[in-house]
1. At Arg359 and Glu280, where each label point lies 7 Å from the Cα along Cα→Cβ, what is the point-to-point distance in nanometres?
2. Which entries in Lys325/Lys458; Lys218/Lys295; Lys139/Lys369; Lys49/Lys316; Lys123/Lys295; Lys49/Lys325 show an alpha-carbon gap greater than 26 Å?
3. Can you check how the C-alpha radius of gyration of the range 76-182 compares to 2.2 N^0.38 Å, as a plain ratio?
4. ³J(HN,Hα) across the range 55-62 via Karplus (A = 6.51, B = -1.76, C = 1.60, θ = phi - 60°), whole Hz, x for Gly/Pro?
5. Accessible area per residue for the range 246-371 in Å², computed with a 1.4 Å probe and the full protein assembly in place, what is it?
6. Taking the Cα centre of the range 197-332 as origin and charging only Cβ (+1 Lys, Arg; -1 Asp, Glu), how large is the dipole, in debye to the nearest 20?
7. Share of the range 68-147's accessible area from carbon and sulfur, percent, 1.4 Å?
8. Which of the listed residues, Ala83, Leu447, His408, is farthest toward the dipole's positive end in the chain, when Lys, Arg count +1 and Asp, Glu count -1 at the beta-carbon?
Amino acid sequence: MAKRSLLTRRDFIKAAGVAPTIFIPRYAHGASKELKILVWSHFVPRFDKEWYDGFAAKWGEANGIKVTVDHIGLAEIPSRTAAEISAGQGHDLIEWIAPPSQFEPSVLDLSDVVKEAEKRYGKQLSFCRRSTYNPNSKKFYAFCPGWTIDPGSYRKSLWKKAGKGGGPEVWEDLITYGGKIKKEQGIQLGIGLSQELDSNMAARGLLWSYDSSIQDAKENVVLNNPKTVEAVSYMARLFKESMVPEVFAWTAVSNNQALIAGRASYILNSISAYRSAQKEVPEIAKDIFFTPALKGPRGTGYNSEHVIYCYIVPQKSKNIENAKKFLLHLTDNYDQAMYSSELYNSPAFFDTPIPSGDRGYTAVKGAKKFRDLHNAWFSDDPFALPGEEKGKLAVLKDAEKWSTNMGHPGPANPAEGEVFATFVLPNMMANAARGMKPEIAIEQAELLTKTIFAKWRKKKLVGGKG
């Protein structure tokens, strides 16, 4: 992640215009003229100061609503959410960047907001839906207006010297060529094996690309199987051939720092590392290129979405109606969010028509929907440095095809959320990399996973039988 996240990412998972009249009914306690929003401190500083705060304020002024926006470090969001829900007071909207499924019993069902958004803007991306919907309770415990892509980032000059100038295409390339780069050029590959967010997502991408997963589509635990053994064995080989022990102690910012400092040949991360390099080390930025999800031995390739923006409304919110109106207004203007985040944010509703008026960016010829902007900006990056090769971000245009949600191929249920929060998968991978037999590492992970699933299954918030 970007440099700004240095003090916030480590412990994260531990614990304007006038809005149109909408369908949402008034609640007895939801008719006030206030709205209190709690959001994370974005990795692109200009997003908060130059866009989001002003965007929310203008909407409030146009609707006679006093809007308060508070920014908070990621590490504080889980405990702050729990505290406010326990106290029955606080913010009306709270933004997470991962599915907050464990709070389902204490938040409002936002099915009406999703229904109205799809009526206006077309279908929501399927993995955004699976990140906020529980098919067992039939409840949308959160609303997702956008997400962040998680490509691979590689140093082209290093890979070209190793004989693979186009960068890695399959996971095995990270050993074949990444190992060669480490041996001949002295630069390691950067995938974390520690208790942090990026390690968690990398472990999932590897597992999915090897045709395995924690659960199946019906929410049965299926982690312990031969394909998982294959994936975990691969990670042990990858560490030995291409990485160094520091990855066992990495924080989520470590892969960014290594890439920007010229100490990593490849990382799995959003484009934030690249954006930071553009500002801090332009020559490194010009050498950074991107790959879609790497493919496993049978041609499957998935990466986890890097960030999934999930807004929750606590059941005891005093401003429910205003919260719902704002979510739809934000969705309607997510093109501005994408541009103001320097393309870090992507919309969850690609078919949204581009509203008229000043959008805060130069109009894109022929663009009528958010997908048009998405593709045009990734084809010709408006934030590229002078002299940079054009089209570097073009591989991100179809990212929704190789991106998926926590819990794939099922939903991001509360059990999956707890498995994520307790770092079961990166611990499993790290144990094997340190020398434990993959089968034993997997057995330990399976025991923890089944215990977690059983707990949530008793609460009828997870399906399946095993």
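1. Going from the Arg359 label point to the Glu280 one covers 3.2 nm.
2. Lys325/Lys458; Lys139/Lys369; Lys49/Lys316; Lys123/Lys295
3. Compactness ratio reported: 1.61.
4. 4, 5, 5, 5, 4, x, 4, 5
5. 32
6. Dipole of the range 197-332, to the nearest 20 debye: 240 debye.
7. Carbon and sulfur together cover 50 percent of it.
8. Checking the options against the dipole of the chain, the answer is Leu447.
The values are calculated or read from the model by the stated rules, or taken from the named source; none is laboratory data. Predicted model only: the values in this text are computed from it and were never measured. Please note: Cβ atoms are built from the backbone with ideal geometry, for glycine as well, and neighbour counts cover all protein chains shown. Ligands, DNA and RNA are stripped out before the accessible areas are found, and what is left, the full protein with its side chains, is counted by its heavy atoms. Shrake-Rupley method; radii C 1.70, N 1.55, O 1.52, S 1.80 Å.
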